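Following: one structure in structure tokens, then a few remarks.
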């Protein structure tokens, strides 16, 4: 077992644990922008709601990208022995 293989599970846990922070920060930033625009434009609560939805969408986008990336890394490692990964037709 190489040094890289030894630390891989810990690295994956670190990557996955950061997803919660990324999701929360996306929502907080969206809410902050919405509240600021509402106070600036007098459109209470519409900008708040709109940018909160944008923040939630951005958070889910980050989560989906990271989970997909980790899944591709795992499938690549399973087939390192010379086998090719299955292809979709």
Could you check the stretch 1-20 and list, in sequence order, the residues that are under 15 Å from the mean Cα position of the chain (by Cα) and surrounded by 11 or more Cβ atoms within 10 Å (Cβ to Cβ)?
12, 15, 16, 18, 19, 20
Look at residue 54 and say whether it is surrounded by 15 or more Cβ atoms within 10 Å (Cβ to Cβ), part of a helix (DSSP H, G or I) and at pLDDT 95 or above.
yes
Those residues of the stretch 50-66 which are touching a helix residue (DSSP H, G or I) at 6+ places or on another chain (Cβ under 8 Å) and under 30 Å from residue 9 (Cα atoms), in sequence order
55, 56, 58, 59, 60, 62, 63, 66
Residues in the stretch 8-49 that are in contact with a helix residue (DSSP H, G or I) (Cβ under 6 Å, 6 or more places away or on another chain) and not in a helix (DSSP H, G or I): how many?
1
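The values are calculated or read from the model by the stated rules, or taken from the named source; none is laboratory data. Just so it is clear, the structure is predicted and the values come from calculations on it, not from any experiment. Note that we place each Cβ from the backbone using ideal geometry, even for glycine, and neighbour counts take in every protein chain shown.
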